[in-house]
Amino acid sequence: MNFSLSQIPDRKIKPRQSGLTMVMDKGLSVEEARNFMSATNPHVDIIKLGFGTSFVTPNLKEKLEIYRSYDIPVYFGGTLFEAFLIRNQFEDYINVCKEFGISYMEVSDGSITIPHAEKCGYIEKLTKYGTVLSEVGSKDAAHIIPPYKWIELMRAELEAGSTYVIAEAREAGNVGIYRGSGEVREGLVQEILTQIPAEQIIWEAPQKAQQLYFIELVGCNVNLGNIAPTEVIPLETMRIGLRGDTFNLYLDKKENA
């Protein structure tokens, strides 16, 4: 940090297993990626190349090399995994990850239907090639999954070898763990946390109010995902009480009386 302030909560330091900020890159150029890293790299833990953007991104290997130079893992969005799978190209997906030096892989079923035992089988297979993140929840707003099912699915995927389970919200934050308005389904989230360790969940939270909810609920070291590149620094200030929304969260009221 640039100067000393008391009463700042302890953020875990990188490389960290919790308190992760996962950023969604939806098509930054090579220069934008370089500038993004120069401004934010201490606060970024994982980068996702959103949905199928890696298929059409020019100079992809050059951009990946920039992220790699900062020791930040990158993975292709789960939609790309599903695109390979529905075309019966699972082995091709593995080969593409190898070709581009991708050691983090997302297994999801938000756009296609995969029997859950089969999904867990893919998770297990991919653990031989790197770190697996698996996403739970549908991108279809009409498909409401009850809390007990979320817990059941998350537990099974962690047991199959996922390092983290991602709670689906889409890039807009209006499905899955959220209502169409973006409001958190609080009962669902709190029930999940009674059974699944917070350290193993990445909550997709693209909206500021959603980020605030999870910081207040879990603490400054909650894992948050689908963060826009321009929101990394603002999020970090919110995590540690240097933004109006959390200004009083960590202050010792006696000391400041």
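None of the figures in this text is laboratory data; all of them are computed from the coordinates on show. Quick caveat: nothing in here was measured; it's all calculated off a predicted structure. Methodologically, a virtual Cβ is constructed for each residue, glycine included, from the backbone with ideal geometry; neighbour enumeration extends over all protein chains shown.
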Item to check | Count of residues meeting criterion [outside any loop (DSSP other than H, G, I, E, B) and closer than 25 Å to S111 by Cβ] in segment 22-37 | outcome: 4
Checklist entry - What pairs can you find where one residue is in segment 16-37 and in contact (Cβ under 8 Å) with a residue 60 or more places away in the chain and buried (at least 18 other Cβ atoms within 10 Å of the Cβ), the other is in a loop (DSSP other than H, G, I, E, B) and of a type in the set (S, T, N, Q), and their Cβ atoms are less than 8 Å apart, with a gap of 6+ or different chains? => result S18/N221; S18/N223; G19/N221; G19/N223; L20/N223; M22/N223
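Looking only at residues in segment 99-125 that are hydrophobic (A, V, I, L, M, F, W, C) and under 18 Å from the mean Cα position of the chain (by Cα), which one is farthest from L64 (Cα to Cα)?
I123
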Checklist entry - Which one of the conditions (1) farther than 25 Å from P115 by Cα; (2) outside any helix (DSSP H, G or I); (3) more than 18 Å from the chain's Cα centre (by Cα); (4) touching a residue at least 12 places away in the same chain (Cβ under 8 Å) does G187 fail to meet, given that it meets all the rest? => result (2)
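So that you can scan it fast, the table gives a plain yes or no per residue for (1) outside any loop (DSSP other than H, G, I, E, B); (2) touching a Phe, Trp or Tyr at 6+ places or on another chain (Cβ under 6 Å); (3) touching a residue at least 12 places away in the same chain (Cβ under 8 Å):
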{"site": "Y129", "(1), (2), (3)": "no, no, yes"}
{"site": "V132", "(1), (2), (3)": "yes, no, yes"}
{"site": "H143", "(1), (2), (3)": "no, no, no"}
{"site": "R155", "(1), (2), (3)": "yes, no, yes"}
{"site": "S162", "(1), (2), (3)": "no, no, yes"}
{"site": "R170", "(1), (2), (3)": "no, no, yes"}
{"site": "N174", "(1), (2), (3)": "no, no, yes"}
{"site": "G182", "(1), (2), (3)": "no, no, yes"}
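Check R170, R239, R243, R185 and return the single one that is among the basic types (K, R), over 29 Å from V132 (Cβ atoms) and surrounded by 15 or more Cβ atoms within 10 Å (Cβ to Cβ). Show your work before the answer.
Values: R170 fails: over 29 Å from V132 (Cβ atoms); R239 fails: over 29 Å from V132 (Cβ atoms); R185 fails: over 29 Å from V132 (Cβ atoms).
Result: R243 is the single residue among R170, R239, R243, R185 that is among the basic types (K, R), over 29 Å from V132 (Cβ atoms) and surrounded by 15 or more Cβ atoms within 10 Å (Cβ to Cβ).
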Item to check | Residue match in segment 82-103 (condition: in contact (Cβ under 8 Å) with a residue 60 or more places away in the chain and touching a helix residue (DSSP H, G or I) at 6+ places or on another chain (Cβ under 9 Å)) | outcome: no
Checklist outcome for this item: Residues of segment 4-19 being more than 14 Å from T237 (Cα to Cα) and either of a type outside the set (V, I, T) or in contact with a Pro (Cβ under 8 Å, 6 or more places away or on another chain) (or both), in sequence order, are S4, S6, K12, K14, P15, R16, Q17, S18
Checklist outcome for this item: Of the residues in segment 199-231, those that are within 21 Å of R179 (Cβ to Cβ), of a type in the set (V, I, T) and either touching a Pro at 6+ places or on another chain (Cβ under 6 Å) or part of a helix (DSSP H, G or I) (or both) number 2
Next on the checklist: With the requirement that a residue be aromatic (F, W, Y) and farther than 13 Å from I102 by Cα, what does segment 65-87 give you?
Outcome noted: Y70, F84
